[in-house]
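Structure record follows, encoded as structure tokens.
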């Protein structure tokens, strides 16, 4: 039973403007103020508060309120005594009148917002029209960025900290002339490399596309795309954050952060041209094709398929280029002129498959045939695959066809099966037996189905000479012979290609000639090309003579015993004047061995290692410290993988914290041997027809 002791202590209590002292009571050594004692002075009181916080009455171990109702006394504080709020009818009417006035104000503001939204949409549509009228757009042109995680603006102290956040870029499907009918592309977004340089190049343009994103967001088709414009199939492939219905506030906050960031960086990026930093809601001029062609260089293309946003290039019947999702690609291909184009095709023996959008051309094709077909392609004849089978061309007609296929059509795959190319008076020049070319965004990928002859290389060279928009050339090394001097010369002289991707390449002499020629190539990716240390050493020698390369990617190399080639490579890279970003794979890193020592020096003192894969190694805490420094302090290392490596739990926790804090955008720790993963990937390439 509770012991109650009455002493001559009191508690200050305020009721309206009256302050009184009410005697307290001690229950079980706790000084308390009883509600019933307060009610003896102020009968209507039911609640006791401090600083407008309602105090709970004391309870027993089972959560039941103790009788009499009481609170613990609070010395040197005045407790507020509160009565229930009861409104008279007049007060209620006044209250609803106030609500009605506020609703009217809100409706007026809503009308103003809608009017402003419509005005913005009109201005955006004007810019869109200008952009569609330009034929140089070789990549999807509508994109916006969002931070991957939510960040409180007040916690970001400097502009520099804005550039340390992890951003992703998202494309929009260009399926309509109306900006509020667009939708986000079916892709989970691309991490942005070098955010500071990206904003310097595209900051002004991002204000336009941010307005489009906001418009879509405000009408609901950003989070939940409009049902009449997007099917369930597309909705299911949209980025994960779009499909979550409770993400409205989070997306809005992220859009706000990007807008503030663009405004904040307006006057603080010193190396941006003044024309790129205007504070207008929409820029006076649209982004130029040259800037769009460089967009891919800022993105982490995890899939390496170069199909930005899973969007497809299509040509409208007025000759404009659009980048749309697969569903709208099929929808937009069904227009009034399609039957006319198909009829023209059939007049000279061509065949069109409506389901696969595949065209087959055979026989001798005249200049008139090629002109008619090319005109159709540039005016909206939408096809995915063109097969040239057992046919012959005049070399000038083939040049014209290649020009349209690469630069001004929707064709994504060209299949050549026994094509004869002739000059004047039908004198045979050469015959190509078998070649497939894939076109994706700005990438041109070549595959010879069988061991090719020099004749096949000639048609590839003719194709490359007509290229005006593709920046990436992707091929398999075992498709090329050592004697391909004509192709080598073509690659060295080609000014359009800036990226070279080679898979399974053993012809190191061919590669070295390209690297040492200091041609227009600025990026090289070599996959599964180095099984011997001698080829790695030879690459080091070639790099030492190169002055143009910016990005070098050899993260997929499989040379387990490099006999010091990695050390030599790092030494060359540390002295190199132009290479800024390296994707590197290192085997056999052991505590205090040469590989570890050399890597630690580079991680602590240089910034060129952005992607690092470590295999078959024992990882020391000293090496972990160097990785943390490169990622957290130098902000250079963003991508990190370990295969079959020994790491202790504390070091793993340090790395996971880097990923959580977005210093690392990718972290993988696998118990598998990398060589087994590589073999699986190579087999999958063969199963997929190396596509």
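The values are calculated or read from the model by the stated rules, or taken from the named source; none is laboratory data. Everything quoted here is computed from the prediction, not taken from an experiment. Here the Cβ positions follow ideal geometry from the backbone for every residue, glycine too, while neighbour counts run over all protein chains shown.
So which of 211, 201, 177, 161 is more than 30 Å from residue 658 (Cα to Cα) and either assigned to a helix (DSSP H, G or I) or modelled with pLDDT of 80 or more (or both)? Only one candidate passes the filter, namely 211. Applying the criterion of at least 3 residues that are modelled with pLDDT of 85 or more, in contact with a helix residue (DSSP H, G or I) (Cβ under 9 Å, 6 or more places away or on another chain) and under 20 Å from residue 391 (Cβ atoms) to the helices (runs of 4 or more DSSP H) found wholly in the stretch 426-537 leaves 454-465. Would you check if residue 415 is at pLDDT 85 or above and either out of contact with any helix residue (DSSP H, G or I) (no Cβ under 7 Å at 6 or more places or on another chain) or assigned to a helix (DSSP H, G or I) (or both)? Criteria met by residue 415. When restricted to residues that are buried (at least 18 other Cβ atoms within 10 Å of the Cβ) and in contact with a strand residue (DSSP E or B) (Cβ under 8 Å, 6 or more places away or on another chain), the stretch 495-521 contains 12. Only residues that are touching a strand residue (DSSP E or B) at 6+ places or on another chain (Cβ under 6 Å) and either within 19 Å of residue 576 (Cα to Cα) or free of Cβ contacts under 8 Å to residues at least 12 places away in the same chain (or both) were counted across the stretch 522-538, and they come to 4. Among the residues of the stretch 380-396, the ones that are surrounded by fewer than 21 Cβ atoms within 10 Å (Cβ to Cβ) and farther than 15 Å from residue 359 by Cα come to 4 in all.
When the residues of the stretch 361-379 are filtered to those that are over 20 Å from residue 317 (Cα atoms) and buried (at least 19 other Cβ atoms within 10 Å of the Cβ), the one that is nearest to the chain's Cα centre (by Cα) is 361.
Residue-wise test of (1) outside the structural domain of residue 510 (by TED's automatic domain parsing); (2) without any contact (Cβ under 8 Å) to a residue 24 or more places away in the chain; (3) crowded, with 21+ Cβ neighbours inside 10 Å; (4) more than 29 Å from the chain's Cα centre (by Cα).
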site	(1), (2), (3), (4)
540	no, no, no, yes
553	no, no, yes, no
558	no, no, no, no
566	no, no, yes, yes
578	no, no, no, no
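Per this entry, residue 657 is counted among residues that are outside any strand (DSSP E or B) and at pLDDT below 95. Has the stretch 666-673 got at least one residue that is touching a residue at least 12 places away in the same chain (Cβ under 8 Å), in a loop (DSSP other than H, G, I, E, B) and within 22 Å of the chain's Cα centre (by Cα)? No, the stretch 666-673 contains no residue that is touching a residue at least 12 places away in the same chain (Cβ under 8 Å), in a loop (DSSP other than H, G, I, E, B) and within 22 Å of the chain's Cα centre (by Cα).
Scanning the stretch 310-361 for residues that are under 15 Å from residue 375 (Cα atoms), modelled with pLDDT of 85 or more and touching a helix residue (DSSP H, G or I) at 6+ places or on another chain (Cβ under 6 Å) returns 341, 344, 348.
For the stretch 380-402, residues that are within 34 Å of the chain's Cα centre (by Cα), within 19 Å of residue 461 (Cα to Cα) and touching a residue at least 60 places away in the same chain (Cβ under 8 Å) total 1. All conditions in (1) part of a loop (DSSP other than H, G, I, E, B); (2) in contact with a helix residue (DSSP H, G or I) (Cβ under 6 Å, 6 or more places away or on another chain); (3) touching a residue at least 40 places away in the same chain (Cβ under 8 Å) hold for residue 68, with the sole exception of (3).
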